[in-house]
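Participant: Below you will find the structure I want to go over with you.
The values are calculated or read from the model by the stated rules, or taken from the named source; none is laboratory data. Note that the coordinates shown come from a computational prediction; the quantities given were computed from them, not determined experimentally. Don't worry about glycine lacking a Cβ; one is built from the backbone with ideal geometry, like all the others, and counts go over all protein chains shown.
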Amino acid sequence: MANSTPLIQVKNLDLHFGAFHALKNVSVDFHAGELIGLVGDNGAGKTTLIRVLCGIYAPTSGGVFFDGNKVEKFHPKLAIDQGIETIQQSVGLCDNLSIARNFYLGREPVKRVLGIPFLDMGKMREKSTRVIRQFGLRANVSADDEVERLSGGERQSVKIGRAVEFKNRVVIMDEPTNHLSVREREHVNELAVQLKEQGLLVIYITHDIFQVHRLADRIVIMENGEKVADATTDSMTAEELEEVIRQGGRVVEKREAV
Ligand SMILES: Nc1ncnc2c1ncn2[C@@H]1O[C@H](COP(=O)(O)OP(=O)(O)OP(=O)(O)O)[C@@H](O)[C@H]1O
């Protein structure tokens, strides 16, 4: 893995919001088939880094490379162009629409009857039913049910299923298990591992180093806009990494993973 071209490479990235220095010389590689825990305290720069990767913010200096090609223009379509899906707890689904409609949101298939375009509900139902079963929704939930009926974990499952079905290559999970029950949390975490096993890059953002250490191949810790640790999970324990966070990145030798 270390010798292959990273799917995403971040090199010496700096980002200023006016006088505020939000990202400071951040370099990190992300490979396909890896599950990376992106950890750090509030305001550490995790979301800002992800927003650069998604094209929402342009860096002040430094570069982002996808498959070795430098991004020349940062714009919100970058995430779609590069196959990046972000899964957040509270956004991404419309409660008053059916599961099938949510599954195809913005990509609705159309069929023509006598030349008049109609939504292809049959196709939407069939495909989303298959995926929601695969991703573990209760047997009595149908693709025609409104999303409102789903538990928090099931909502996450719909988003994860959608990410896989539409051939995304990167799934960014932003605190995906907040407010979930223990069993739902386990389910979502199992899905995260499943995605990586299917060859996707999974970037899992959380404050909970212990939860993500069990799942991840590598942990990247941010602090005050800097990367302060980048370690494989078999080279550092969750306790050691927690100490890095506790000390604001000032302790413990950094063990580079790649
Ligand atoms: N658009 C913006 N304009 C000015 N400052 C910003 C902007 N976006 C983020 N920041 C600042 O950049 C810093 C990093 O924020 P960021 O949201 O990346 O942190 P985070 O690690 O994701 O934190 P959290 O875990 O709380 O979500 C914070 O101090 C934040 O206030």
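Participant: Looking at this structure, is Thr206 under 12 Å from the mean Cα position of the chain (by Cα) and among the hydroxyl-bearing types (Ser, Thr, Tyr)?
Facilitator: Numbers: under 12 Å from the mean Cα position of the chain (by Cα): yes; among the hydroxyl-bearing types (Ser, Thr, Tyr): yes.
So Thr206 passes the test.
Participant: Counting residues that are exposed (fewer than 13 other Cβ atoms within 10 Å of the Cβ) and at pLDDT 85 or above, which helices (runs of 4 or more DSSP H) fully inside segment 36-119 reach at least 1? Walk me through how you get there before you give the answer.
Facilitator: Values: elements: 46-53, 78-81, 99-103.
Of the helices (runs of 4 or more DSSP H) lying wholly inside segment 36-119, those with at least 1 residues that are exposed (fewer than 13 other Cβ atoms within 10 Å of the Cβ) and at pLDDT 85 or above span 78-81.
Participant: May I ask you to list the residues in segment 213-258 that are in a loop (DSSP other than H, G, I, E, B), among the basic types (Lys, Arg) and at pLDDT 90 or above?
Facilitator: We begin by selecting, within segment 213-258, every residue in a loop (DSSP other than H, G, I, E, B); these are 216-217, 224-225, 233-237, 247-258.
Checking which are among the basic types (Lys, Arg) leaves us with 250, 254-255.
None - no residue of segment 213-258 is in a loop (DSSP other than H, G, I, E, B), among the basic types (Lys, Arg) and at pLDDT 90 or above, so the list stays empty.
Participant: Does segment 177-192 contain any residue that is in a helix (DSSP H, G or I), of a type in the set (Val, Ile, Thr) and crowded, with 20+ Cβ neighbours inside 10 Å? Please lay out each step first, then the result.
Facilitator: Of all residues in segment 177-192, those in a helix (DSSP H, G or I) come to 182-192.
Within this subset, residues satisfying the condition of being of a type in the set (Val, Ile, Thr) are 182, 188.
Subsequent filtering for residues that are crowded, with 20+ Cβ neighbours inside 10 Å retains 188.
Yes, the conditions are met somewhere in segment 177-192.
The rows are residues; the columns are (1) of a type outside the set (D, E, K, R); (2) within 16 Å of the ligand (Cβ to nearest atom).
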residue: His16; (1), (2): yes, yes
residue: Asn42; (1), (2): yes, yes
residue: Arg51; (1), (2): no, yes
residue: Thr60; (1), (2): yes, yes
residue: Asn69; (1), (2): yes, no
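Participant: Right, Arg218: buried (at least 22 other Cβ atoms within 10 Å of the Cβ), in contact (Cβ under 8 Å) with a residue 40 or more places away in the chain and either farther than 30 Å from Leu105 by Cβ or touching an Asp or Glu at 6+ places or on another chain (Cβ under 6 Å) (or both) or not?
Facilitator: Details: buried (at least 22 other Cβ atoms within 10 Å of the Cβ): yes; in contact (Cβ under 8 Å) with a residue 40 or more places away in the chain: yes; either farther than 30 Å from Leu105 by Cβ or touching an Asp or Glu at 6+ places or on another chain (Cβ under 6 Å) (or both): yes.
In short, yes.
Participant: Give me the residue from segment 206-232 that is away from the ligand (no atom under 16 Å from the Cβ) and among the small types (Gly, Ala, Ser) and, out of that set, nearest to Asn12 (Cα to Cα).
Facilitator: So, considering only residues that are away from the ligand (no atom under 16 Å from the Cβ) and among the small types (Gly, Ala, Ser), the one nearest to Asn12 (Cα to Cα) is Ala231.
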